[in-house]
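A.B. asks: Could you have a look at this structure, given as C-alpha cells, before my questions?
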Amino acid sequence: MDATAIKSPDTQAADELAITLEEYAEFLMEIEEQPHWRATADKEMDYADGNQLASDLLQRQRDLGIPPAVEDLVGPALLSIQGYEATIRSDWRVTANGQTGGQDIADALNFKLNEAERHSKADAACSNAFRPQIAVGLGWVEVKRESDPFKYPYRCTAVHRREIDWDFAATEDDLSDARYLRRKRWLVPKRIAMVFPQHKELILSIDRHGPGWWAEQALEAVDGGSSTGLSNAWGEARNRTVQEDRWYNPVSKQVCLVELWYRRWVSVAVITSPDGRVVEYDENNLAHNIAVASGTVKHSMAVVARVRRSYWLGPHLMHDGPTSYTHNHFPYVPFWGFREDSSSVPYGYVRGMIFPQDSLNSGISKLRWGMAVVRTERTKGAVDMTDAQFRRQVGRVDADIVLNAEHMARNGARFDVKRDFQLNAQHFQLIQDSRQAIQRVSAVTSGFMGKEGTARSGLQEQTQVEQSNQSLARMMDNFRAGRSMVGELLLAMIVEDLGDKPQTIIIEGDAVREDREVVINKPEVDELGYAYLSNDLQRTRLQVALEDVPSTKSYRGQQLNAMSEAVKSLPAQYQAAMLPFMVSLMDVPFKKDVVEAIRAAAEQESPEAVEKRIEQAVKDALQKSGVDVKMRELAMKERKSESEIAEIQARAVQIGVQAAYSAMQAGAQVAQMPQIAPIADAVMQGAGYRSPTPGGDDPNFPTVDKAAAMNIRSPYIQGDGAQPGSEQLPPAVQQNTSPAYPPVPQQGGSPMQGIETPATTDNLGA
C-alpha cells in the first residue's frame, strides 16, 4: 500500500466525487458474489509447492496400511518455465513516439528507467508474480512510491492474490475499464494510527475494545468528551454495515485496512492540437483561451475517468481523495495466465496437472503397498492370536505366527499366505503414463527441463525445445504485456519527478560508448524573441517498449561466440576494429579498462611514424623561431651553386670533345695530305705555340679492324649490297630470267648485241 500524499480532513476540501459508505458496501457485496476461485487456486499452489496429499487422504491410507508417496512433477515443470523466463529477460527501452528531436529525451529517460529498474527491484517483483501467473493464472505487482525517505524513491513489490479483489466486469487486461480494485492488509492498530493521525482516537479505541468499542464507552463520554470524527465513527460502527469478522481479528488484535481504488466518469472539455496532442481544457490558462479563440486547436467534450483512492477500516473512512499519480491506471499491475470464457476466472498450467499428479502418487503408493502386502486365507480359529495381532505379524518379513493345532487338525481347516505380483506390471505402466501425461498437459518436455528425454540427436532435442517455446508463447506474451505496464508506471513517476525544471542527466557509457550529457527542459529563446524549452519533457510523447535483445549472461555468451566466428574471416585491420565490441560482451568486471588498453595500443605509432612526427616537430619549431627563411635562402644558394658546378663540368666535357674532334680532323688531313704537316707546324710556331711541359697523356681512342660502310644504298635493302658505283666498277648487267626476253643493252658499248656477245656480263643493262 502507498500511504503517501494523504491529506488530513482539515486541509482537504469537500469533494463531490468522494465515495460514500453505501457505495463501498455495494462494492463489498458485489465482491462476495464473485466466483469463488481462490480456494481452487490455493489448492493448485499447494500442488506446485509439493503439498499434494490431503489430511483425510493420509488418514485413509494410514487406516489401510498404504504408505504415502509423492513424486512431485508439477514443481519441476514450473521451475523450468521460471528458468526460461530468467534466460530471456529483457531490458526496458524508451522510444520517442513519432516526434522529431525527442531521441535525446528518450535516451535520458531510458537511463533513468534502467536505473529505476535495478533499484526498485522491478525484475524480482515481476519474476515473483510470474510463478502464480503460470501456476494459477494471476499474479500482481504493485508500483508505488517508497514512503521511507532513506530508500530509493520507487518500489515494485509482488502482491499475493488473496489481498486483491477487482471488478470482474472489466474486459481490458490492464483493468483500464475497471470500476474498482480493493486491497486488504491486516495490520496492528498502532501502525495504522501513525499513518492517519487524525483518526488516532478511533483506531486506538478499536485496539482496546474491538469492533464493539462504541458499546463499551458511555454515551455521555462519546457525546461530550470525544472529537467530532469519533462521534461520526460511533454511528457508523453502530450500524454494522460491514461484518466484524471481515475486518477485526480478536486473537491477534489486528484490523484489516482496505485500500480502495475506484474510478469516477466525468464529462470534461478537451482541446486537440494539430499534431494530435490532446489535453484537458483549463479556462484559467491564457494559452488555452488564446488557442481556442484563434481556432488553432479543436475544442470538444469527452467523458473521461478520474482515478481516486480511499482507505477504510471496517465501516470507517480514513481517507478519500484523487490519485497521487499522473497516470490513469491503478498502481497494481495484473499478470494474467489464462481466463475462462464465461466467468473470466483465471487459471494456469497446474489445473491440468492435478489429475495425472494424483494418479502418479496413488499409483506409486499402491505399487509399494502391493509389493509388501500379503493375502491370507484361513478358517476362524486357525491362529492363537487376535485378528489385529495377526494382521500386524503377517505383513512382516520375520513374522512369527502360532497356529492352533486343535483347529488345524479338523477337517476343512485352512491357513494360506499368498503374495500376488500379477498387477505390478500394469501398475508400472500406469505410472509411466501418468508421468508422460504431465508433460503433455503442461507442454514442458524433458529436454526443456534439462533432463534426458526421447530425443536421440541434437536436432531432435532442439526441435522439442522449440515446440515447448511455441506452446509457452501465449503465456510469455501476457507476461511481457504486464512487465511493459510496470515500466510505463515507473516512467510516469520519473517524468512527474523531473517536471519542467532544467536538469542535466549524465548518461553513463560502457566499454564501447563514452559518457554523454543530456540537458532537458533547457530554457532558450528563438529568433523572434519568444522563450521556449528545448528537450521539453512534458511535451514529448514517449512509450516503453521491451528491448529485442535480452541482457542475460548466457545470451551475451552466444553473441560473443557468433561474433567471434564472424570476425575470424575478416582482415586484420577489421579484426582490430571489432575487438572492443567483442570485449564488451565478455562478463569481466574490468572490461572497460581492457577496451581502453586495446585502444591505447592501437593508437601507438610505428618507428617510422615516430621519426616523421619528430621531423615535423623540428620543422614547426624552426618555423616558429624564424630560421625557416634563412634555411630557404641557404637552400636556394646551394641549388644555384650545384647548377653552376654542373654547367662548368658540362662545358669541360664539351671542350674536351671539341678538342678530340679537332685532333681527329687534323690527323685525317695529315694522313690524306702529308705535305700540309710542315706548313701547319710553321703556322703554329709563328703563332707562338709552345709544347706543354709535361706533355699530355695518350687519349688512346679505340680503333676498329674494318672501316665503316660507305656509300650505302638509300633506301637500304637487306642483302642487296652496296650502292651501284660505289665500288668504282662498271655497272653490272641486270639479270633477266625470262627465256622469252633476253637482256638487250640500251647503249651501244659493243658492236655486238644479245647473243652475239661472248659472255652475259658484257651485256648492257636493260
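Values in this text are rule-based calculations from the coordinates and carry no lab data. Given the structure is predicted, the values throughout are model-derived calculations rather than measurements. Don't worry about glycine lacking a Cβ; one is built from the backbone with ideal geometry, like all the others, and counts go over all protein chains shown.
A.B. asks: Could you check the simple spin-label distance between Q59 and N469, using points 7 Å along Cα→Cβ, in nm with one decimal?
C.D. replies: According to this spin-label approximation, the distance is 5.0 nm.
A.B. asks: Using the basic label-point model (7 angstrom from Cα toward the beta carbon), what is the R414 to D387 distance in nanometres?
C.D. replies: Result: 1.8 nm between the two label points.
A.B. asks: For Q654 and V629 in the same chain, what is the full-extension length gain: residue separation times 0.36 nm, less their Cα-Cα distance, in nm?
C.D. replies: Numbers: separation 25, 0.36 × 25 = 9.00 nm, distance 3.76 nm.
Result: 5.2 nm gained on full extension.
A.B. asks: Report the gain in length on full extension from V402 to K568: 0.36 nm times residue separation, minus Cα-Cα distance, nm rounded to one decimal.
C.D. replies: Details: separation 166, 0.36 × 166 = 59.76 nm, distance 8.50 nm.
Between V402 and K568, full extension yields an extra 51.3 nm.
A.B. asks: With +1 assigned to the C-beta of every Lys and Arg and -1 to the C-beta of every Asp and Glu, and no other charges, what is the dipole magnitude of segment 83-160 about the Cα centre in debye, to the nearest 20? Before the final figure, lay out each step's value.
C.D. replies: Details: 10 positive and 10 negative charges, 44 e Å.
For this selection, approximately 220 debye.
A.B. asks: A follow-up question, please. Using R₀ = 51 Å, calculate the FRET efficiency as 1/(1 + (r/R₀)^6) where r is the Cβ-Cβ separation of T504 and R38; round to 0.05. Don't skip to the end; give the middle numbers.
C.D. replies: Values: r = 50 Å, r/R0 = 0.97.
Once the sixth-power term is evaluated, E becomes 0.55.
A.B. asks: For segment 255-332, which trypsin sites (Lys or Arg not before Pro) pass both filters: DSSP loop (anything but H, G, I, E, B) and at most 16 other C-beta atoms within 10 Å?
C.D. replies: Details: sites: R263, R264, R277, K298, R306, R308, R309; in loops: R277.
Those that pass, being in a loop and sparsely packed, are R277.
A.B. asks: Also, I was wondering about something else. I'd like the FRET efficiency for M194 and E496, computed as 1/(1 + (r/R0)^6) with the beta carbon distance as r and R0 of 22 Å, rounded to 0.05.
C.D. replies: Values: r = 26 Å, r/R0 = 1.18.
Efficiency for this residue pair is about 0.25.
A.B. asks: Shifting gears a bit: Given 0.36 nm per residue, what is the gain on full extension from E115 to V373 after removing their alpha carbon distance, in nm?
C.D. replies: Numbers: separation 258, 0.36 × 258 = 92.88 nm, distance 6.36 nm.
That works out to 86.5 nm of additional length.
A.B. asks: Here is a follow-up. Between R613 and M578, what FRET efficiency follows from the Cβ-Cβ distance if R0 is 25 Å, with the result rounded to 0.05?
C.D. replies: It comes out at approximately 0.35.
A.B. asks: Name the residues whose placed amide hydrogens come within less than 5 Å of the amide hydrogen of Q254, ignoring near sequence neighbours (fewer than 5 apart) on the same chain.
C.D. replies: For Q254, the qualifying residues are N249.
A.B. asks: Moving to a separate point now. Can you work out the Karplus-derived ³J(HN,Hα) for every residue in segment 287-296? Use 6.51 cos²θ - 1.76 cosθ + 1.60 with θ = phi - 60°, whole Hz, and x for glycine or proline.
C.D. replies: Using θ = phi - 60°, the values come out as 5, 5, 5, 5, 5, 5, 5, 7, x, 5 Hz.
A.B. asks: Tell me which residues come under 5 Å, amide H to amide H, from V345 once H is placed; ignore anything under 5 positions away on its chain.
C.D. replies: Close amide H contacts, sequence-distant or interchain: E340.
A.B. asks: Measuring from label point to label point, each 7 Å out along Cα→Cβ, what is the V519 to V70 span in nm?
C.D. replies: Simple spin-label model gives 6.4 nm for this pair.
A.B. asks: Just to confirm my numbers, what's the Cα centroid distance between segment 134-212 and segment 20-34 in Å?
C.D. replies: 17
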